[in-house]
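Reading through the structure tokens given below for one structure.
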């Protein structure tokens with residue numbers, strides 16, 4: 001392979017660094033020339049192209065990977081897409097060995113591949129990944145790396161296997177409470193480890209947002225309330241959430257720790273270990289890795305002896321479970337879904353509804369309350385004796401009462417930060 005096709009696409013000039021990388025069939029995250037080092041240090045994602053057996057497919061896959069990386073898609077996500085694409089390449093080499101160009105991909109051949117995937121023994125999620133990845137690849141590279149592809153050679157959205165939805169697994173109180181117990185947190189010898197645990201437990205942030213927190217993430221509004229500014233890595237946007245005093249105090253202790261350990265040598269709230277503690281480490285030049293966060297949780301479970309209801313060590317707890325826990329706890333405390341959506345920074349309230357599952361006891365309680373309040377026509381039950389000072393039984397008042405009971409969604413409001421609240425950043429300590 002050569003970089004000549006890339007130079008042609010770029011008007012005769014390849015961007016700095018890409019031409020050298022183009023010659024290789026393995027791209028390491030830290031070597032990517034587009035300047036995104038956000039995934040370095042988390043297990044070094046490697047983009048593998050050597051398993052793509054057809055030269056034209058390998059060339060198109062490199063173009064696709066580069067386009068996705070430049071669109072701020074994480075290297076690990078691109079690497080996973082290439083994994084599914086290599087499976088298609090292997091199938092194609094066996095089923096159509098003479099396919100020497102994109103023109104060989106007919107609609108009939110794609111139908112055979114979809115059928116092969118769906119009738120195999122792959123898990124539902126893997127089937128979805130195999131077909132969905134190929135569909136996206138064909139669609140995005142049709143006018144570039146797959147020039148000559150037949151117009152009818154498409155995979156329709158309805159042909160992508162659907163993954164059976166599974167209820168999110170949350171944390172029961174007897175497992176969650178020990179994580180935030182001050183006595184157990186005191187067992188941790190490192191202030192940063194306590195910060196990791198409390199940020200996960202009290203914010204429900206995705207781990208990618210946790211590790212990329214900036215050192216000045218703590219801000220105080222004009223109302224005197226503390227807020228946490230973070231990057232929603234998944235949606236590539238900055239967001240803000242109110243936090244409680246316990247977490248705000250911990251973040252101030254974390255700043256004291258950073259000042260004593262790193263001085264002004266880091267811009268991250270959770271930097272990677274100092275070089276003197278980890279041979280070859282990046283120190284404050286980079287943030288804590290995703291695997292480092294998971295390791296901190298596992299070590300904490302063992303040290304604090306956190307066990308589940310059956311007496312087993314809760315070593316199965318992973319960072320994302322705290323996000324489920326926050327959503328389910330809030331919905332079961334009666335917080336409206338739009339508020340939870342705002343806090344979790346979801347693009348769609350449908351996703352919020354997936355995270356926020358009602359507990360069975362909450363469902364029973366609300367159904368019982370409903371039957372006590374209204375009859376089968378949604379009208380106030382005769383057995384109720386409301387205070388006349390609070391309820392209006394005029395025709396207009398009755399309509400309001402009926403609407404508030406039958407259509408509680410009408411009462412929901414979308415919450416956002418008041419425009420009257422101005423934020424000031426907590427100044428970085430100097431040494």
Looking at segment 216-257, which of the residues that are in contact with a helix residue (DSSP H, G or I) (Cβ under 9 Å, 6 or more places away or on another chain) and modelled with pLDDT under 90 is surrounded by the fewest Cβ atoms within 10 Å (Cβ to Cβ)?
234
Among (1) closer than 16 Å to residue 296 by Cβ; (2) surrounded by fewer than 19 Cβ atoms within 10 Å (Cβ to Cβ), there is one condition residue 260 misses while meeting the rest; what is its number?
(1)
Would you check which residues across segment 313-349 are in contact with a strand residue (DSSP E or B) (Cβ under 7 Å, 6 or more places away or on another chain) and within 13 Å of residue 297 (Cβ to Cβ) and list them?
313, 314
How many residues does segment 202-226 hold that are closer than 17 Å to residue 341 by Cα and over 16 Å from the mean Cα position of the chain (by Cα)?
1
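Every residue, every condition in (1) part of a helix (DSSP H, G or I); (2) under 18 Å from residue 188 (Cβ atoms); (3) outside the structural domain of residue 45 (by TED's automatic domain parsing), yes or no:
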| site | (1), (2), (3) |
| --- | --- |
| 231 | no, no, yes |
| 234 | no, no, yes |
| 247 | yes, yes, yes |
| 299 | yes, yes, yes |
| 310 | no, no, yes |
| 319 | no, yes, yes |
| 331 | yes, no, yes |
Farther than 30 Å from residue 73 by Cα, in contact (Cβ under 8 Å) with a residue 12 or more places away in the chain and not in a strand (DSSP E or B): is that true of residue 294 in this structure?
no
For residue 273, work out the one condition from (1) at pLDDT 90 or above; (2) not in a helix (DSSP H, G or I) it doesn't fulfil.
(1)
What number of residues in segment 116-132 are more than 25 Å from the chain's Cα centre (by Cα) and at pLDDT 95 or above?
2
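The values are calculated or read from the model by the stated rules, or taken from the named source; none is laboratory data. All of these numbers come straight from a predicted model, not from anything done at the bench. Cβ atoms come from the backbone with ideal geometry, glycine included; neighbour counts cover every protein chain shown.
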